[in-house]
Amino acid sequence: MNGSFVEIIIEYFNHLFRIRQTQFASTQGIVTPMRLRTIFDLRQEWILVILGVIVGGLLGFLAYINKYPAWIQAACVIAGLLPAYSKHVVDIYVKHGWWSATLTMLVAAQSFHGVEHLVQWVQYHILRWPFFKASGIISAANAEWVHFGWNWMVLVIMIVLVIGGLRNPFAYLMLAWTIAHTAEHTYLMWRYLQALQELAALGMPEVSAQGLPGFFGRDGWIATSEATRNSFVCRLPGFTTAVRLDVHFWWNVGETVLLILATETTLRQRNRTSTN
Amino acid sequence: MACSGAQNGAISPAAPVVTTTSNSVPFSAQATPCGTNFVRHELPHLTIGEPAGTYVYASNGSGLAVGDVDGDGNEDVVFGNIAGTTTLYLNDGQMHFTPVTTDLRDVRSLAIVDTDGDGKLEIVATQRFRRPVIGQYSNGTITFSDMPDVYSSFYAMNWQDLNADGKLDAVFGTYDTEQLQNQGLIFNERGGGGVFVYYRTSDGYRGERLNQQADALAIAFPDINHDGVKDILVGNDFNRRDMAWLASPTGWQSVEPFWQTTENTMSIDVADVFNTGTNAIFATDMKPYDQDVKTMAEWLPAMKKLTRPLTADDPQFTENTLQVWQYNRWQNQAYNLQIDASGWSWSGKFGDLDNDGWQDLYVVNGMVAKDLLSYLPKNQIDEPDMLFVNHAGQSFTREDWGLSDSGSGRAMTMVDLNHDGRLDVVVNPMDGHAAIYENQRCAGNSLELRLSQPNHPNPTAIGANVRITATGLNMMRDVRAASGYLSGEGATIHFGIGSATTVSNIKITWPDGAISHIDSIPGNTLTTITRTE
């Protein structure tokens with residue numbers, strides 16, 4: 001491998017592709033076929049899971065009695081489970097290769113992210129918490145730069161997976177969905193940074209600009225643009241009327257569901273191919 | 001529910017028909033050239049908050065009111081003040097005004113009404129930390145005296161005959177947050193805070209307290225439950241929910257009729273926006289029209305201080321609302337009609353500014369406060385006042401028409417000051433000179449009506465309702481004492497009638513429920529309709 005960045009990328013994709021071909025051609029009968037449920041199946045790591053729950057729970061309790069914020073307590077418990085899941089991903093890598101391990105990590109992470117948005121939705125609509133409080137489990141992560149970084153990471157991994165073989169209608173739809181979602185977060189991040197600059201220029205650097213509207217939803221760019229003002233576009237239910245929390249809830253519901261459907265479809269295809 | 005003195009009951013099903021006489025005077029020949037815009041005339045009156053600069057609360061500004069105080073047939077204008085003094089401008093009907101100065105300060109709401117039924121209009125003012133006063137104009141001077149039997153210091157007010165005895169009653173609301181900030185918990189020792197109805201008696205007023213607390217910036221009398229009787233709606237600032245009371249046979253009944261409301265209700269206007277014969281209710285709040293980053297950065301620090309986060313089941317939204325009666329419930333259509341955002345809005349009112357038969361919306365806005373906006377140049381959010389033109393009730397588009405001044409507007413009303421059949425606009429801004437925007441848009445015909453009930457305790461028929469037909473449209477207006485933010489209304493009602501030259505099917509519902517019918521009235525006239533029985 002030569003040293004240039006482009007060559008490294010090409011080599012990586014070649015590697016992925018070789019693994020995929022190897023899996024198709026030579027793994028039948030040797031390795032248990034990977035299924036969707038394998039991604040979430042931690043039974044083999046039960047000792048680590050129990051230890052993780054105990055240690056994470058203990059850390060969470062310590063955080064609780066030391067009056068750390070609720071999100072730190074929750075993060076302690078979740079962190080306790082990370083060793084078990086990391087071991088699980090390594091196992092998948094050993095048995096099924098890089099592509100499957102990458103897919104596993106994405107599905108698991110996006111599912112957790114989807115749950116975060118579901119929790120926000122429940123906090124706001126069911127528990128009737130105010131906006132600022134309805135920030136999910138790891139509330140400190142409900143920040144503009146985290147959303148921005150997260151969505152770019154999902155997009156890059158999704159591109160890698162599609163090139164590596166995640167190819168079915170759900171996967172293509174998921175890719176398009178992710179591109180649109182990332183575009184919205186890029187717009188949000190740009191506005192956020194601009195607003196911070198303006199606030200700093202006004203001598204108010206301590207004021208946050210978190211939570212400004214994006215492309216979609218109530219007061220979003222589409223709803224308030226001079227190009228659409230007074231047209232039916234400004235009144236499309238949800239599309240230009242939903243509050244930001246709902247807009248991003250639905251973005252992530254779509255992303256999670258499409259990713260799971262795409263994964264299930266591809267894994268079924270592979271397993272059929274490998275057993276023929 | 002409070003014990004009642006309210007009229008509380010629907011109008012009798014067989015409302016009596018009463019006869020009238022009418023006198024139509026053609027509008028004056030237009031001395032001013034026709035154009036497409038309003039032309040600004042600045043008056044010397046300057047409303048200031050504090051000598052050393054304007055801080056929050058004082059920056060809420062002061063009111064104005066319109067009415068024929070000197071009985072010469074022309075609508076005069078009184079402008080309130082906070083640190084400066086209140087000024088009455090006598091109108092000669094040709095856009096010339098003679099100032100009458102007073103020593104009245106710390107004025108909030110103003111109205112020009114005949115409180116005692118003597119046939120002469122009085123100026124009523126609520127004041128910061130003082131009782132309301134009533135001013136009598138005579139021979140170039142105004143003499144103010146305390147309003148009898150009223151002891152609290154109030155902010156918002158409105159007038160209407162609420163117990164069907166023919167006399168004008170008043171509803172007042174306190175602004176508790178300012179009172180607590182300045183006077184602590186002992187404020188309003190004699191009267192207390194909240195919303196009060198004061199019923200006119202033979203020698204004064206009898207009060208009924210509807211609740212204990214308020215941050216009332218606006219009071220209106222829409223018919224909330226469509227039973228033919230006016231109810232009470234109070235718009236509150238600072239997350240305090242708006243309050244509504246229905247007139248019922250057992251007294252004032254508290255209700256929450258709207259599933260979505262403004263959060264910081266600055267003004268309320270009640271108008272038949274869609275020519276359906278049913279009033280809509282418009283309330284203003286604080287939401288920037290432009291959401292570019294520069295504007296948002298200017299707004300964010302102040303909004304973080306002023307607004308509290310709301311839960312999903314809270315009906316309050318920080319934006320203008322237009323409550324429209326649809327499918328037997330009130331529904332907010334402001335967002336759909338793109339009139340939800342008009343800046344840091346104060347008085348917002350409907351009036352047919354282009355005489356096309358559809359009432360347009362004008363909102364004055366802007367904020368100045370040395371403490372709250374210390375991070376901004378001039379301590380000011382500087383934004384243009386906003387005109388939204390009504391296109392046959394289907395949509396609103398923002399236009400300029402010379403009405404986009406960027407002063408910090410507060411009180412505002414629409415009135416024809418020079419008898420040309422066109423509504424002019426009067427504004428009392430904060431830290432700025434009062435201004436009259438003369439309507440020089442020569443488009444469309446109009447009709448102006450004055451109702452008269454001679455020898456009656458409510459001679460200008462405040463509370464009456466008028467329906468007409470013109471250019472195929474059925475239009476409706478109410479005679480009101482006040483609307484919008486701190487703004488007293490004139491008793492003359494205005495209909496734009498487009499190309500029509502006559503108006504037909506005039507139906508007047510007088511404040512006591514009696515009805516009069518008139519077949520037709522010539523357009524382009526100021527017509528006085530006098531009740532003869």
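The values are calculated or read from the model by the stated rules, or taken from the named source; none is laboratory data. This is a predicted model, so every value here is computed, not measured. Because the Cβ atoms are built from the backbone with ideal geometry, glycine has one as well, and the counts that use them run over all protein chains shown.
Residues that are among the hydrophobic types (A, V, I, L, M, F, W, C) and modelled with pLDDT of 90 or more: does the range A:132-142 have at least one?
No; the residues of the range A:132-142 include none that is among the hydrophobic types (A, V, I, L, M, F, W, C) and modelled with pLDDT of 90 or more.
With respect to B:L373, is the statement that it is closer than 19 Å to B:D285 by Cβ, part of a loop (DSSP other than H, G, I, E, B) and among the aliphatic types (A, V, I, L, M) true?
When the stated conditions are applied, B:L373 passes them.
Go through (1) within 14 Å of chain B (Cβ to nearest Cβ); (2) without any contact (Cβ under 8 Å) to a residue 12 or more places away in the chain and name the single condition A:V146 misses.
Going through the list (1) within 14 Å of chain B (Cβ to nearest Cβ); (2) without any contact (Cβ under 8 Å) to a residue 12 or more places away in the chain, A:V146 breaks only (1).
Taking into account only those residues within the range B:318-337 that are in a loop (DSSP other than H, G, I, E, B), closer than 25 Å to A:F239 by Cβ and under 27 Å from the mean Cα position of the chain (by Cα), which is nearest to the other protein chains (Cβ to nearest Cβ)?
B:N336
Filter the range B:266-292 for residues that are surrounded by fewer than 20 Cβ atoms within 10 Å (Cβ to Cβ) and among the β-branched types (V, I, T); which is farthest from the other protein chains (Cβ to nearest Cβ)?
Residue satisfying both the conditions and the ranking: B:T278.
Can you pull out the residues in the range B:34-70 that are over 22 Å from the mean Cα position of the chain (by Cα) and surrounded by fewer than 19 Cβ atoms within 10 Å (Cβ to Cβ)?
Of everything in the range B:34-70, those that are over 22 Å from the mean Cα position of the chain (by Cα) and surrounded by fewer than 19 Cβ atoms within 10 Å (Cβ to Cβ) turn out to be B:C34, B:G35, B:T36, B:N37, B:V39, B:P44, B:E50, B:P51, B:A52, B:G53, B:Y55.
Kindly evaluate A:T228 against the criterion of being of a type outside the set (A, V, I, L, M) and assigned to a helix (DSSP H, G or I).
Taking the combined requirement at face value, the residue does not satisfy it.
Sort out which residues of the range A:208-218 are closer than 16 Å to B:Y335 by Cα and either facing chain B (nearest Cβ under 10 Å) or modelled with pLDDT under 90 (or both), and write them in order of number.
A:P213, A:R218
So which pairs qualify, if the first residue must be in the range B:431-454 and within 30 Å of B:T86 (Cβ to Cβ), the second must be aromatic (F, W, Y) and assigned to a strand (DSSP E or B), the Cβ gap must be under 7 Å, and the two must be at least 6 apart or on different chains?
Close Cβ pairs (under 7 Å, with a partner that is aromatic (F, W, Y) and assigned to a strand (DSSP E or B)) amount to B:A434/B:F79; B:Y437/B:F38; B:E438/B:F38; B:N439/B:F38; B:Q440/B:F38.
Tell me, please, whether a residue that is closer than 14 Å to B:Y198 by Cα and either aromatic (F, W, Y) or assigned to a loop (DSSP other than H, G, I, E, B) (or both) can be found in the range B:140-148.
Yes - at least one qualifying residue is present in the range B:140-148.
Kindly indicate the residue of the range B:471-489 that is modelled with pLDDT of 95 or more and small (G, A, S) and also nearest to the chain's Cα centre (by Cα) among those meeting that condition.
By that ranking, first place goes to B:S483.
Scan the range B:397-419 residue by residue and report those that are closer than 18 Å to B:S267 by Cβ and part of a strand (DSSP E or B).
Residues satisfying the conditions are B:S408, B:G409, B:R410, B:A411, B:M412, B:T413, B:M414, B:V415.
Could we say that B:T98 is surrounded by fewer than 18 Cβ atoms within 10 Å (Cβ to Cβ), at pLDDT 95 or above and part of a loop (DSSP other than H, G, I, E, B) here?
Taking the combined requirement at face value, the residue does not satisfy it.
Testing B:A244 on (1) more than 19 Å from the chain's Cα centre (by Cα); (2) surrounded by fewer than 24 Cβ atoms within 10 Å (Cβ to Cβ); (3) part of a strand (DSSP E or B), one condition comes back false. Which one is that?
(1)
Among the residues of the range A:203-217, is any assigned to a helix (DSSP H, G or I) and buried (at least 18 other Cβ atoms within 10 Å of the Cβ)?
No; the residues of the range A:203-217 include none that is assigned to a helix (DSSP H, G or I) and buried (at least 18 other Cβ atoms within 10 Å of the Cβ).
Within the bounds of the range B:112-123, is there any residue that is at positive phi, without any contact (Cβ under 8 Å) to a residue 60 or more places away in the chain and either assigned to a loop (DSSP other than H, G, I, E, B) or not charged (D, E, K, R) (or both)?
no
Of the conditions (1) within 14 Å of chain B (Cβ to nearest Cβ); (2) under 20 Å from the mean Cα position of the chain (by Cα); (3) over 23 Å from A:L245 (Cβ atoms), A:A171 clears all except one; give me its number.
(1)
So B:A14 ticks every box in (1) modelled with pLDDT of 95 or more; (2) of a type in the set (A, V, I, L, M, F, W, C); (3) within 30 Å of B:K507 (Cβ to Cβ) but one. Which box is left unticked?
(1)
Any residue in the range B:345-367 that is at the interface with chain A (Cβ under 9 Å from one of its Cβ atoms) and free of Cβ contacts under 8 Å to residues at least 60 places away in the same chain?
No, the range B:345-367 contains no residue that is at the interface with chain A (Cβ under 9 Å from one of its Cβ atoms) and free of Cβ contacts under 8 Å to residues at least 60 places away in the same chain.
Quick check, is B:D431 acidic (D, E), modelled with pLDDT under 95 and either more than 17 Å from the chain's Cα centre (by Cα) or crowded, with 21+ Cβ neighbours inside 10 Å (or both)?
Yes, satisfied.
Does the range B:108-120 hold any residues that are farther than 12 Å from B:A482 by Cα and either of a type in the set (S, T, N, Q) or buried (at least 24 other Cβ atoms within 10 Å of the Cβ) (or both), and which are they?
Of everything in the range B:108-120, those that are farther than 12 Å from B:A482 by Cα and either of a type in the set (S, T, N, Q) or buried (at least 24 other Cβ atoms within 10 Å of the Cβ) (or both) turn out to be B:R108, B:T115.
Examine the range A:192-202 for a residue that is surrounded by 15 or more Cβ atoms within 10 Å (Cβ to Cβ) and in contact (Cβ under 8 Å) with a residue 60 or more places away in the chain, and state whether such a residue exists.
No - not one qualifying residue is present in the range A:192-202.
Restricting attention to the range B:130-168, which residues are touching a Ser or Thr at 6+ places or on another chain (Cβ under 9 Å) and on the phi > 0 side of the Ramachandran plot?
Scanning the range B:130-168 gives B:G140, B:D149.
Give the residue that is farthest from the other protein chains (Cβ to nearest Cβ), with candidates limited to residues of the range B:296-317 that are out of contact with any strand residue (DSSP E or B) (no Cβ under 9 Å at 6 or more places or on another chain) and surrounded by fewer than 20 Cβ atoms within 10 Å (Cβ to Cβ).
Step by step, filter the range B:296-317, then rank; the result is B:K305.
Yes or no, residue by residue, for (1) facing chain B (nearest Cβ under 8 Å); (2) farther than 17 Å from A:W145 by Cα; (3) more than 28 Å from the chain's Cα centre (by Cα):
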site: A:T182; (1), (2), (3): no, no, no
site: A:A195; (1), (2), (3): yes, no, no
site: A:E206; (1), (2), (3): no, no, yes
site: A:G220; (1), (2), (3): no, yes, no
site: A:S231; (1), (2), (3): no, yes, yes
site: A:R235; (1), (2), (3): yes, yes, yes
site: A:L245; (1), (2), (3): no, no, no
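Working only within the range B:69-84, note down all residues that are touching an Asp or Glu at 6+ places or on another chain (Cβ under 9 Å) and part of a strand (DSSP E or B).
Selection gives B:D76 alone.
State all residues of the range A:113-140 that are within 14 Å of chain B (Cβ to nearest Cβ) and part of a loop (DSSP other than H, G, I, E, B); if no residue qualifies, say none.
If the condition is that a residue be within 14 Å of chain B (Cβ to nearest Cβ) and part of a loop (DSSP other than H, G, I, E, B), then A:L127, A:R128, A:W129, A:F131, A:F132, A:K133, A:A134, A:S135 are the ones that fit.
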